[in-house]
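Only the coordinates and a few stated rules stand behind these numbers; no lab work does. Bear in mind that the values here come from a model prediction, so they are computed numbers and not experimental data. Neighbour counts run over all protein chains shown; Cβ positions are idealised from the backbone, glycine included.
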Amino acid sequence: MVTLRVAGVNPRRRVPEALGRLAVLQEGVLTLEQARGHGLTPTVVNRLCRDEQWQRLARGLFSTGSGAPSWPALAWAGVLLGGDQARLAAEPSAWLWELTTEPPPVIGVLVPYPSSCTVRGPWAFHRELPGQRSPRTIGAPPRLTAADTVLDLAAAGSAGELVDVVTRAVARRLVTPQSLARALEGRARHPRRALLGTLLADVAEGVESPLELDYLRDVERAHGLPAGQRQRHRAGLRYRTDVGYEPWALLIELDGRLGHEGAGRLRDLRRDNDFALRSYMTLRYGWHDVVDRPCVVARQVGAVLSSRGWPGPLTSCRRCRSVPLDLR
């Protein structure tokens, strides 16, 4: 809780409670206009700074704490500097949506065109053209919607980063393929429109990670395997499985984590045993299998399916020629 006192004028006089609540909401950051609107004069604010109860972050902007401001406080500061319609850009929005693991060192802030802001500090201000993104603003501090965050990151990153952020956002239920497609349609331009369209069609089938996408494209489709059912509960059990070939009671589990041992491995074994009691067979593959040896994986999956009645045929892809015969 932020407790604010007016120093030097009347030690017993507290800053109005409403201003204290506003400071809490804004991670301890206030503007001079907000302070004046709650009855504090510039003289009192200057005295608070002189007595090191407040810190001046920029002209007309203050932190009500004595320590170094946190990243969320600096994010609030950037939005307040940008004005009433300012909001955080894609990278800081992504961190607040928990799509990235580290907050960006430079906090991007979008300000409506033709406004501008040139305040020095850990902020980068960008003019935002009308209609470029959804006008809807989310959260505190104000940020982009999850869909606009994903689309902006997809426009700036590599193809691999695009796949990663889209699948992660869908897996975390922040967006759906349909909501992303609608947001994409609302943009007149996007440099990755074609790639996003193809990816969203695949994600709509249930793909929730880059590894699952590689399996779908390079193992299943490339070798003529039947279409699996993705991310579903089966056999009345509580587990969701990555890929299932129901008519043949075969399950595929894909794990991109390194060092998947200990309690996680024991859970996997218990799950496999529960399915085995219901006549389901489980095959497990990791990054190395799917990415470096998709043809070998396809032949293993095809062999099990054939043994359980799948008529085939398994087809060869352009990479199959380089696979040694003893691995086919």
Task: Tilt relative to the chain, helix 71-82 - C-alpha long axis, 0 to 90 degrees, to 10 - done: 60
Open item on the list: No solvent, one uniform scatterer per C-alpha: report log10 I(q)/I(0) for the chain via the Debye equation at q = 0.13 1/Å, two decimals.
Closed with: -0.97
Open item on the list: For a protection proxy built on the mean count of beta-carbon atoms within 10 angstrom, sort 104-117, 304-317 highest first, please.
Closed with: 104-117, 304-317
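Which percent, nearest 5, of DSSP beta bridges in the chain are antiparallel?
Numbers: 17 of 30 bridges.
Roughly 55 percent of the beta bridges in the chain run antiparallel, per DSSP.
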Open item on the list: For a test of the definition: using alpha carbon positions, the gyration tensor, and the 1.5 limit on a/c, classify segment 147-203 as rounded, prolate or oblate.
Closed with: rounded
Task: Crossing angle, helix 263-276 versus the chain [Cα axis fit, 0-90 degrees, rounded to tens] - done: 40
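With the Cα gyration tensor of segment 52-125 giving a ≥ b ≥ c as the square roots of its eigenvalues, does the rule (a/c under 1.5 for rounded; else a/b larger than b/c for prolate; else oblate) give rounded, prolate or oblate?
Numbers: a/c = 2.26, a/b = 1.15, b/c = 1.97.
Because a/c hits 1.5 or more and a/b fails to exceed b/c, segment 52-125 counts as oblate.
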Task: Per principal axis, descending, Cα span of segment 17-63 in whole Å - done: 24, 20, 17
Task: Structure-based [θ]222 nm, the chain - -39500 (n - 2.57) summed over DSSP H runs of at least 4, per residue, nearest 500 - done: -10500 deg cm²/dmol
Task: For ARG232, distant residues with modelled amide H under 5 Å away - done: THR241
- [ ] Using a/c under 1.5 as the rounded threshold, could you call segment 20-167 rounded, prolate or oblate? The axes a ≥ b ≥ c are square roots of the C-alpha gyration tensor eigenvalues, and prolate needs a/b larger than b/c, oblate otherwise.
- [x] prolate
Task: Furthest towards positive pole of dipole, LEU305, ALA183, TRP248, structure part segment 183-319, Cβ charges - done: ALA183
